[in-house]
Amino acid sequence: MTMKKPFTPLRLSLIPVLTGTLILGLPIGSAAAPPAAPLKPGKICTGPTSGTYYQYAGGIIEAAKETLGLKLKNLSTVGSLENAKGIVSGECDIAIVQSDIYIQSAADFQTTPESKLFSANKGSVAALYPELVHILVNRDSGISSVADLAGKKVNLGEKDSGTFLTAYKLLNVYHQLASAPEYVYEAPATAVAKVVAGSLDATFYVAGAPISTLANLPADANVTLIPATIPVFNHDYTVSDIPATTYPWLHRDITNNIAVWSLLTIGPSVERTQLGAFLDKLYAKKDSYADKYHAKWARLDKAGTVANIKAASMNGWNIEVAHYFAAVPKPVVKPQPYFCSAGPLGTYTKVVKDLIPVVKSTLGISLTEKHTAGSLDNVMKSYNGECAMYLLQRDVGGYFVTVDQTQPTISEELLRGYFWYGENIMPLYPEDIHLLVNTNSGIENSLDLVGKKVNMGEKLSGSFVTAITMLLVNNIKIEEITPSYDSPVAALPKVISGEYDALFVTSKAPVSYLVAADCPTDINVPGCIAGDPTTLPIKLVSIRVPNFFPKTTLSVDHYPWQRIELPNSPQIITFLGISPHLSRDNNRIADLINAVYDLKVGKTTLSPTWDETNVEHGVDFFKLEPVLFHWDAAQYFADKMK
């Protein structure tokens, strides 16, 4: 893959600014003006010259000149997708994009290595303003909902535009139409006239309301809007109604309509040590920019970005930006030479023992295993400098987001969550999520947990993280159950006796202590015969999860007391993480990845998982969530996509 500029993002970007806060007593983000130097030429990629992005960019150009030493040229483009391509190729130094560009899909550009590298760059620095998703339809088309678009002639917008991206996701990811529409790919401003005339049934148009093209239609225009809705809860879109007074031809309020945020994103050429001063300038002069360039500047505020960071942490935000908006200095701690695993009896300890010599031979770093409570404990210890490398479950991020939602500002928990975003080297293997219940509890699946006594696992463990995530995706609040926080080993006899109704376990099946479960001899459990596990009053039940979770079948062969197989049982991926403060040769990250893929189950390894760790699975996961990967690892997997 050829890029016009070396794509090596500058990390630790806000450290000088934040350090100034502690030493000099200056407000967060304040920094001395950079010494006078010739302005460097650059480009900001925006949109059509008549659109909001192009006009809005005037303020960004002014602030970049004063703080970043950049003389930006406003480059007109089709929109968000073209802008993202420009960031990766080096054509754009700064760009404005829609936030849903980070939601991976099969939409053209998003299937390419370049798209994945754009996400892995994590260049989002500010949320600017929300854009409303308009679906304009001809009144005679018979369309009153998204479902009615089936079989109709529908314009999605030009293929490199943000309108196209949102329309594609709405119709192909979030909705399952009875039949495919007849798609057209024209600029929305052009398509509006065709919808009015009836030669098109509908067009998507994503922009801030009111859109001038729509506002200029006469009151008797034969058009209306239908609600742009998504059938599932999603943090990546917000809901914003369109009042009937917005357009002269609109006769009713459009409610439950989704909106997508416009994000300011930067490429690797931007000097990130001055990013705090740049952002300060944008917020300080937004009213002036609203008068000079575009009224949308009046909508800019830090609260909007904080809300975006808290709600959609995967939308390209990095740890430096999160710390800026939290007004909390980012810790820079030299990590201790430990490789953090989990308890001494689990799979993690075997994996770490196999990996320690691989790390030594490829990166030249000597590490010692450190036992911990598990995934959550590993992230916290790495954040504090106690781990140089560690293993963790993918759903750790979901836990941090869930905890953060109870606080009005960016919490310390969320900052820890951002610590592991983008510092993952590779996915290793899937772990199986078990929901074990007492057969007399009345629980047949995860939706039945309401009102039950549920063991969540120890609070820093991977099982605990998964239990929190499973409640979230099943829309069950912690207040709706009676939780306990024993280790699964300690909780198992309590489920057998009926003291607890259920417990969560996240571990590779078969789990040894579940296999060895037996009837207690110190209390009477009706019908339970010691030495005969088939009489145990326990079973595994199904767990409802979103479609993107990997799944497997938990077999009756795994456990002697399980009587039916459980297809579509969810799994959680285990990742190999690395501290961003660990001194290492990043050029050798590819050597580490290749060496891990060379490991096989056998006499020279301890873990039974290595045959499941392969480059094909790594590429598949990279395609799904590229924002999770360390930059050098992202380049490795992007190259493997060719």
Subject >> The one condition in (1) surrounded by fewer than 19 Cβ atoms within 10 Å (Cβ to Cβ); (2) modelled with pLDDT under 95 that Asp377 fails to fulfil >> reply: (1)
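For the range 47-61, what are the residues that are of a type outside the set (A, V, I, L, M), in contact with a strand residue (DSSP E or B) (Cβ under 8 Å, 6 or more places away or on another chain) and either open to solvent by less than 40 Å² (accessible area, probe 1.4 Å) or in a loop (DSSP other than H, G, I, E, B) (or both)? I'd like the intermediate steps shown before the answer.
Let us first name the residues in the range 47-61 that are of a type outside the set (A, V, I, L, M), namely 47-56, 58-59.
Of the ones still in play, those that are also in contact with a strand residue (DSSP E or B) (Cβ under 8 Å, 6 or more places away or on another chain) are 47, 51-54, 56, 58.
Correct list: Gly47, Gly51, Thr52, Tyr53, Tyr56, Gly58.
A quick yes/no check of all residues on (1) part of a helix (DSSP H, G or I); (2) farther than 26 Å from Phe549 by Cα:
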site	(1), (2)
Thr469	yes, no
Leu472	yes, no
Pro493	yes, yes
Glu499	no, yes
Ala509	no, no
Asp522	no, yes
Gly527	no, yes
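Considering each residue of the range 202-254, count those that are in a loop (DSSP other than H, G, I, E, B), within 31 Å of the chain's Cα centre (by Cα) and of a type in the set (Phe, Trp, Tyr), and give that number. Full working, then the answer.
We begin by selecting, within the range 202-254, every residue in a loop (DSSP other than H, G, I, E, B); these are 208-211, 216-222, 227-237, 240-241, 243, 247-253.
Next cut, within 31 Å of the chain's Cα centre (by Cα) only: 208-211, 227-237, 240-241.
Subset that is of a type in the set (Phe, Trp, Tyr): 233, 237.
Final tally of qualifying residues: 2.
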**OP:** State the number of residues belonging to the range 330-357 that are farther than 21 Å from His581 by Cβ and either of a type outside the set (S, T, N, Q) or under 24 Å from the mean Cα position of the chain (by Cα) (or both).
**Re:** 11
Subject >> Scan of the range 322-371 for residues that are of a type in the set (Val, Ile, Thr), part of a helix (DSSP H, G or I) and open to solvent by 20 Å² or more (accessible area, probe 1.4 Å), ordered by number >> reply: Thr347, Ile356
**OP:** Among the residues of the range 142-186, count how many are modelled with pLDDT of 90 or more, crowded, with 20+ Cβ neighbours inside 10 Å, outside any helix (DSSP H, G or I) and of a type in the set (Gly, Ala, Ser).
**Re:** 1
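Looking only at the range 281-314, count how many residues are in a helix (DSSP H, G or I) and either open to solvent by less than 40 Å² (accessible area, probe 1.4 Å) or touching a Phe, Trp or Tyr at 6+ places or on another chain (Cβ under 7 Å) (or both). Quick ask: steps written out before the conclusion?
Residues of the range 281-314 that are in a helix (DSSP H, G or I), as a first pass: 281-284, 286-292, 295-299, 302-311.
Pick out the ones that are also either open to solvent by less than 40 Å² (accessible area, probe 1.4 Å) or touching a Phe, Trp or Tyr at 6+ places or on another chain (Cβ under 7 Å) (or both) and you get 282-283, 286, 289-290, 296-297, 299, 302, 304-306, 308-311.
So the count comes out to 16.
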Subject >> Number of the condition not met by Asn594 [criteria: (1) of a type outside the set (Ser, Thr, Tyr); (2) under 21 Å from Met314 (Cα atoms); (3) assigned to a helix (DSSP H, G or I)] >> reply: (2)
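Of the residues Trp610, Trp631, Trp561, only one is open to solvent by less than 40 Å² (accessible area, probe 1.4 Å) and farther than 22 Å from Ile433 by Cα; which?
On the way: Trp610 fails: farther than 22 Å from Ile433 by Cα; Trp561 fails: farther than 22 Å from Ile433 by Cα.
None of the others qualify; the one that does is Trp631.
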Subject >> Selection within the range 62-77 - under 20 Å from Leu275 (Cβ atoms), open to solvent by 40 Å² or more (accessible area, probe 1.4 Å) and either in contact with a Leu (Cβ under 7 Å, 6 or more places away or on another chain) or small (Gly, Ala, Ser) (or both) >> reply: Lys65, Lys71
Original post:
Does Asn568 satisfy the condition of being within 23 Å of Phe621 (Cβ to Cβ), assigned to a loop (DSSP other than H, G, I, E, B), under 30 Å from the mean Cα position of the chain (by Cα) and polar (S, T, N, Q)?
Top reply: no
**OP:** Would you check if there is a residue in the range 475-488 being among the hydrophobic types (A, V, I, L, M, F, W, C), within 22 Å of the chain's Cα centre (by Cα) and open to solvent by less than 10 Å² (accessible area, probe 1.4 Å)?
**Re:** no
Original post:
Looking at the range 300-315, is at least one residue hydroxyl-bearing (Ser, Thr, Tyr) and closer than 28 Å to Gly417 by Cβ?
Top reply: yes
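Give the residue that is most open to solvent (accessible area, probe 1.4 Å), with candidates limited to residues of the range 613-628 that are assigned to a loop (DSSP other than H, G, I, E, B) and touching a residue at least 24 places away in the same chain (Cβ under 8 Å). Outline the logic, then answer.
So in the range 613-628, the residues assigned to a loop (DSSP other than H, G, I, E, B) come out as 613-614, 625.
Narrowing further to those that are touching a residue at least 24 places away in the same chain (Cβ under 8 Å): 613, 625.
Details: Thr613: 3, Glu625: 34 Å².
It comes out as Glu625.
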Original post:
Taking the range 572-584, which residues are open to solvent by 20 Å² or more (accessible area, probe 1.4 Å) and touching a strand residue (DSSP E or B) at 6+ places or on another chain (Cβ under 6 Å)?
Top reply: Ile573
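Is it the case, given these coordinates, that Tyr185 is under 26 Å from Thr238 (Cβ atoms) and touching a Leu at 6+ places or on another chain (Cβ under 7 Å)? Outline the logic, then answer.
On the way: under 26 Å from Thr238 (Cβ atoms): no; touching a Leu at 6+ places or on another chain (Cβ under 7 Å): yes.
In short, no.
The values are calculated or read from the model by the stated rules, or taken from the named source; none is laboratory data. In this text, all values refer to a predicted model and were calculated from it rather than measured experimentally. Note that each Cβ is placed from the backbone with ideal geometry, even for glycine, and that neighbours are counted across all protein chains shown. Surface accessibility is based on the protein's heavy atoms, side chains included, excluding ligands, DNA and RNA. Shrake-Rupley method; radii C 1.70, N 1.55, O 1.52, S 1.80 Å.
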